[in-house]
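Here is the structure we will look at.
The values are calculated or read from the model by the stated rules, or taken from the named source; none is laboratory data. Nothing here was measured: the structure is a model prediction, and the numbers come from that model. Cβ: placed from backbone, ideal geometry, glycine included. Neighbour counts: every protein chain shown. Note: areas computed on protein heavy atoms with side chains; ligands, DNA, RNA excluded. Shrake-Rupley method; radii C 1.70, N 1.55, O 1.52, S 1.80 Å.
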Amino acid sequence: MDPLSDVLSLLKPRSYRSGGFDVGGDLAIKFPKHAGIKCYAVVSGQCWLSVEGLPDAVRLTTGDCFLLPRGLPFSLATDLTLTPVDFLTFLSTRPNGSITSHGGGGSCFLVGGHFVLSGSHADILLGVLPPIVHIRKESDKAAMRWSLERMMQELREPQPGGFLIAQQLATMMLVQALRLHIAEGQRGGVGWLFALADKQMNAAITSMHDDPAHRWTLQKLAERAGMSRSIFALKFKATVGISPMEYLTRWRMLLAGDKLTNSDDPISIIALSLGYESESAFSKAFRRAMGCSPRQHRRGQNLVSPSYSEAERAQSNQLAPIAV
């Protein structure tokens, strides 16, 4: 798999709610803090998105798509002067996978999904994303159009298996939105997600993901990237935020944590599968990265998750939406 697919598979995103709401007239709805990622798209009409902590509301128009990965409370309004009503007042009777209509609909129609990351260490993805990822360029909206139209059809014209199709379409929207966000890396973003937009860095990261047990050296990774060792090391650190060897160790430990949680393989076998010749060396590396021993992690006593880089942390703490 490619690195983004690897990470999403490790985090196991599952859509536990998908659907839409069609608003007629003026309305403002307030949503509470949430876990996971919310992904919505405006099928028709326009509205305003306000996220707690951000100074300005974001205007959404037909075709716009947005991700809310940080779980902050937010409001959607057709008129910013209105006092928002609690979302339960509006959506409490809505079955999962359906459309709720208010005031006859016609002013603003949104569809989307809510994804919970059921794997551990969600911060490796959420930590490099801003509070809002807003996709509004016409070329990018065109790339989302097919998924939008199919979801709208499935929700408005229920058919057998329609709920599952709507969930898969919501997943497609999530991945597509992340792809478009990755393209922002070409404009100076820092973090592993942004680095995937750079062909040289992508080649190195993909190599580590394809064969994490390989005895990678800085020289071998530089060769995969088609660069000299010194220039590669500098560019990787500047683009990803950590060194190549730090990235490799962190990825190995995330894989190890998943295997410890979801398999009965002995620790010695897990260590060997990730390139460690001894269980002792693996356990030391695991404790440094995860804050607990492999056995403690297997028993559910993991103390901390691998932190993302300081550069990634600084970028994620900038409370400003990213427009794609």
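So here's what we get for this one:
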{"read-out": "Residue check, Leu221 at pLDDT below 95, out of contact with any Ser or Thr (no Cβ under 6 Å at 6 or more places or on another chain) and surrounded by 18 or more Cβ atoms within 10 Å (Cβ to Cβ)", "value": "no"}
{"read-out": "Any hit, the range 200-218, residues being under 26 Å from the mean Cα position of the chain (by Cα), hydroxyl-bearing (Ser, Thr, Tyr) and over 21 Å from Leu117 (Cβ atoms)", "value": "yes"}
{"read-out": "Top-ranked residue of the range 34-48 - restricted to ones that are open to solvent by 60 Å² or more (accessible area, probe 1.4 Å) and more than 17 Å from the chain's Cα centre (by Cα), ranked as farthest from Ala142 (Cα to Cα)", "value": "Trp48"}
{"read-out": "Failed criterion for Ser9 (all others in (1) at pLDDT below 90; (2) open to solvent by 20 Å² or more (accessible area, probe 1.4 Å); (3) among the polar types (S, T, N, Q); (4) closer than 20 Å to Arg156 by Cβ hold)", "value": "(4)"}
{"read-out": "Yes/no for Arg252 being basic (Lys, Arg), within 30 Å of Gly63 (Cβ to Cβ) and free of Cβ contacts under 8 Å to residues at least 60 places away in the same chain", "value": "no"}
{"read-out": "Sole exception among (1) open to solvent by 40 Å² or more (accessible area, probe 1.4 Å); (2) within 25 Å of Met172 (Cα to Cα) for Asp26, by number", "value": "(2)"}
{"read-out": "Among the residues listed as His181, His214, the single one being open to solvent by less than 20 Å² (accessible area, probe 1.4 Å) and of a type outside the set (Phe, Trp, Tyr)", "value": "His181"}
{"read-out": "Condition check for Asp6: out of contact with any Asp or Glu (no Cβ under 7 Å at 6 or more places or on another chain), assigned to a loop (DSSP other than H, G, I, E, B) and acidic (Asp, Glu)", "value": "no"}
{"read-out": "Any hit, the range 103-116, residues being at pLDDT below 85, under 26 Å from the mean Cα position of the chain (by Cα), β-branched (Val, Ile, Thr) and under 26 Å from Pro160 (Cα atoms)", "value": "yes"}
{"read-out": "Check on Ile242, assigned to a loop (DSSP other than H, G, I, E, B) and open to solvent by less than 30 Å² (accessible area, probe 1.4 Å)", "value": "yes"}
{"read-out": "Scan of the range 198-211 for residues that are touching a residue at least 24 places away in the same chain (Cβ under 8 Å) and either out of contact with any Ser or Thr (no Cβ under 6 Å at 6 or more places or on another chain) or open to solvent by 30 Å² or more (accessible area, probe 1.4 Å) (or both), ordered by number", "value": "Asp198, Gln200, Asn202, Ala204, Ile205, Thr206, Met208, His209"}
{"read-out": "Pairs where the first residue, in the range 273-285, is more than 13 Å from His214 (Cβ to Cβ) and the second is in a helix (DSSP H, G or I), C-beta under 6 Å, 6+ apart", "value": "Glu279/Ile267; Glu279/Ser268; Glu279/Ala271; Phe282/Ala271; Ser283/Pro294"}
{"read-out": "Residue within the range 227-235 that is within 22 Å of the chain's Cα centre (by Cα) and crowded, with 18+ Cβ neighbours inside 10 Å present", "value": "no"}
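Yes/no matrix, rows are residues, columns are (1) over 25 Å from Arg145 (Cα atoms); (2) open to solvent by 20 Å² or more (accessible area, probe 1.4 Å):
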residue	(1), (2)
Asp22	no, yes
Ala57	no, yes
Asp64	no, no
Pro69	no, no
Thr78	no, yes
Gly103	yes, yes
